[in-house]
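To start, the structure itself, in structure tokens.
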Amino acid sequence: MRKLFLLFVYLWMCLLPAQAALDLNGVSITASIDKAAITLEDELMLTVTIDGAAGDIAPQLPSMPAFNVYQRSFVQQTNNFHIITTFQYVLLPRFPGKTTIGPITLEYGRKTYKTDPISVTVYRSAQQPAQANTQAQGMVDTSIPSSLRETQTQKFAQAPADMPTLEKNLYNRAARLGNKEYFMVAAVSNAAPYINQTVTLAVRFYYARPFMGTAPYTAPAINNLFMEEIGRSEGRQIIDGKTYIYTEIRYAVSAVTKGPANIGPASIKYVPETRVNLSMFDKMFASMGQEPQTVQSNSISLQAKEVPSLNRPKSFYGAVGRGYTVSAAIDRDEVEAGDAINLTVKINGNGNLKPTSDLKLPAMAGFKTYDVVATSGVVPSNGELKSYKIFKTVLVPSASGKYTIPALPWSFFDPMLREYRTIYTEPINVTVTPSTQADAGFDFSSQQDLGNGFRQLGKDILYLKSTLSTNKDSFLAKIGGMNWLAYLALAFLILCGIFALTDKKTWAQKHALAKAKAQLKNAYHEDVISDALSTYLQVRYHVHTASLPLRDIVSELKQHGCPAILVSRFEMLWQKLNAARFAPVDIQGEGTHELAAQALELINDMEKGGQK
Amino acid sequence: MKKYILSLFLPLFCTLFLPAESMQQAEQMYREGRFAAALGAYENLLKNYPNDPHLYYNIGNCYFKMGSRGLATANYYRAFRLAPRDADIRHNLALVLESGGERLVPAGMPVVLHKAFFSLTVLELKGLTFLVLFVFCFLAGVWLCRRKAGLWACVSLAVLLLLGSWYAWRNSLLKQPLAIVAAPTAELRSGPGKNFPASANVAQGHLLILQDSKDNWDEVVVKSQGIKGWIETHDLEKI
């Protein structure tokens, strides 16, 4: 097995030169440029394509004193043993005039391959033909105004006043560091933004000479900021007569809270290219053993401020920026009562919507609402940060009918106008039909056979009342409305109580006394005197004389508080009356009138005694 | 002169005939299945006759047919409070309560006793209590002044206490802050906010006793279950 493998490797190695020899017949080299006429501010892209050559190959560029030459890329593609290698170079013109790029040669398989010479015309800016000007504008940073082009050819000067703040800051910083071969600068578009206001941060790496291999980049550290990368670009700037290529990375940053916010330095590690005209193979290994160098950008401090509280609408959730749009949509506009409708509210615009608060839905008549669920994202677009926020919620209509989801407000603060603006969604109409789902436990289809030919099919509510209620207030209800009646009754009771408390003699007692006196005044017989006395004692002392012997009557009177002297007088009088009634012969000369007078006197004394 | 006479009699005419006509129109809409339109008509009438039990009953019917059992129950309950002897109102209220797992007549209580308890309105009960109070005060006064009719005074006092208790009980039921779950389902949470965990889902039509209120949340006790918790105000219909 091992022998077979070794034989295969040997055969393959023998075949390689044969294949190379075959390939020699198909080797070719071509060169092309992207434009034939440029200005001093433009750059020229030279593409060298080698077809059919394999291994470590590198074209030999001719001397080009009219250009600064930088290699940009190297791509090798293999398709079915056919190899195409492409080299790209950036040529920066140094002098105006007509110049020629000489033949580019390739040494391969003991043969030399050459390209045809290429002619290029380099114009000054003023000489720039219309076509060349148009092409040139497509190659440089179009955000740089035309006035900058003029200043670029001069020695360092301050950036023009009409330049945007960010570009101006970058320009001025770069101009100050223009004596170095490699340097980095960073600048922001606004150093005192509002919370959540998007500020553009640009970090540029300038190099006047190429560097070996790749240069690892470290993004700046941030504090109290939210940062999103929004794009990368390359450009060229002439500082103090020296041409620099720069790579720019842009970020959108926004302050999280009020107060200071910091952007730390970004950095790049690179290995400077010290030798020229190195082959690809050499370039791959030339950086080995060399110590990489580091450049850092400057730090930046921001001072974030709060949006004004004056006139701040309730529908403001923290968005600061411009060009926002809001829309609302539902997944269906006809539902049954109790079924859910999905409501989606989408907000688009410039700036970062991620840190803004969630939309709060107002109470909607006829709907049960739930909290919204928010998703957000950012979309870098042409060096700007565009973002969106989508709120989703569920609305459940309580009853059937036609409803309208009202226009939902959403406010943002416009930092340019320094005022709040409110935008609205369109109102949405919803038709809610009655629910066709029977509630659990509510059986309209029960079929109970109750016998006698009667089968209950279900239950339903009873029919409407066709008239208004005719039941006027009943007598009792009317009485119930007369609260004064209760007060009157209670007042009557209180009066009776007061009357009873202030005069201990009851009306019955008074009546009994008066009656007894009247009887005694007109007494014609001892029985009348006895009756009057009995009636009085019954009411006054609650003693019933009719059925009791004298001894018990006396005892009862004493128990009911009658004074002892009055009791003894009563005892004597009662004996006299009994004697007169039952033994009139033995009476000791006292007549009826005298006994009546004694009884009257006793009653009067009892009244007095009772009051004591 | 004719104008003056017409202007004098027009309000009387409107009062007498327009409600009947509106009731007929609303009933026609109801029969045609246009329950939402009928509901609107009945609610308009309710503005002029705010204590009419028949209007509440009809509104309850409309809500029931529109599939909103919670709002139907709330309106039947209002009608029942105004006219507790009405058999139709009692029937519909019992039916919707039963469908939601609630009971109009508490378990173990004879229906006859429940009907007797609700045989009078609270106002009628109050009037009856006043009458007995009046009788008692008279008899007590007679007893105080003449020491007569003491027995009748005692009997009237006993009746008065009985009626007073009855009235107090009914009045406390009337004053009890009740609500119905109006949303298809409501979440019962342990605190007044969505950050508190939900302990139960309460279906529409359940009777709730309101206990407290904070912001847009109400503390309630689910009457049939005895569970206490917080529900969002817009999920409820207060009776």
Checklist entry - Cross-link list A:LYS465/B:LYS65; A:LYS517/B:LYS148; A:LYS465/B:LYS214; A:LYS402/B:LYS214; A:LYS305/A:LYS360; A:LYS305/B:LYS214: which exceed 27 angstrom alpha carbon to alpha carbon? => result A:LYS465/B:LYS214; A:LYS402/B:LYS214; A:LYS305/B:LYS214
Checklist outcome for this item: Once the mean of 1/r over all distinct C-alpha pairs in region A:316-433 is inverted, the Kirkwood radius in Å reads 15.1
Item to check | Förster radius 25 Å - calculated FRET efficiency between A:ILE330 and B:ARG34 (Cβ-Cβ, nearest 0.05) | outcome: 0.55
Checklist entry - How long is the gain from A:LEU490 to A:THR404 if the chain were fully straight, where each residue apart is worth 0.36 nm and the alpha carbon distance is subtracted? => result 25.1 nm
Checklist outcome for this item: For peptide B:123-135, the mean count of other chain Cβ atoms within 10 Å per residue Cβ is 6
Item to check | aspartates and glutamates whose Cα lies under 13 Å from that of A:LYS472, excluding same-chain neighbours fewer than 8 positions away | outcome: B:ASP52, B:GLU124
Checklist entry - Hey, fewest Cβ within 10 Å first, where do B:HIS114, B:HIS206 land in order? => result B:HIS114, B:HIS206
Next on the checklist: Within region A:338-362, name every residue whose backbone N is under 13 Å away from a label modeled 7 Å from Cα of A:THR375 along the Cβ vector.
Outcome noted: A:344-346
Checklist entry - Listed here are the pairs B:LYS194/B:LYS228; A:LYS459/B:LYS228; A:LYS392/B:LYS238; which of them are more than 28 Å apart at the Cα? => result A:LYS459/B:LYS228; A:LYS392/B:LYS238
Item to check | Candidate lysines - alpha carbon under 17 Å from A:LYS386, same-chain residues fewer than 8 apart omitted | outcome: A:LYS346, A:LYS354
Checklist entry - So how do B:90-96, A:51-57 stack up, highest first, on mean other-Cβ count within 10 Å? => result B:90-96, A:51-57
Checklist outcome for this item: Pseudo-spin-label distance A:ASN172 to A:THR47, built 7 Å along Cα→Cβ, given in nm, is 4.2
Next on the checklist: If packing is taken as the average count of other Cβ atoms within 10 Å, what order do A:339-351, B:57-69, B:165-177, B:24-36 fall into, highest mean first?
Outcome noted: B:57-69, A:339-351, B:24-36, B:165-177
Item to check | Loop-located trypsin sites (Lys or Arg not before Pro) in region A:52-127, at most 16 other Cβ atoms within 10 Å (DSSP) | outcome: A:ARG94, A:ARG110, A:ARG124
Checklist entry - Can you work out the FRET efficiency for the pair A:ARG209 and A:VAL256, with r the C-beta to C-beta distance and R0 = 30 Å, to the nearest 0.05? => result 0.15
Next on the checklist: Amide H of B:LEU178 versus every other amide H placed in the peptide plane: which residues, excluding those fewer than 5 positions away on the same chain, fall under 5 Å?
Outcome noted: B:LEU210, B:ILE239
Item to check | Label-to-label distance, nm, for residues given as B:PHE196 and A:ASP56 (7 Å Cα→Cβ offset) | outcome: 7.8
Next on the checklist: Can you compute the modelled spin-label distance between A:SER63 and A:LEU310, with each label point 7 Å from Cα toward Cβ, in nm?
Outcome noted: 7.3
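Each value in this text was obtained by applying a stated rule to the coordinates, not by laboratory testing. Keep in mind that what you see is a predicted model, and the values were worked out from it rather than measured. Cβ coordinates were reconstructed from backbone atoms using ideal geometry, including for glycine residues, and neighbour counts include every protein chain displayed.
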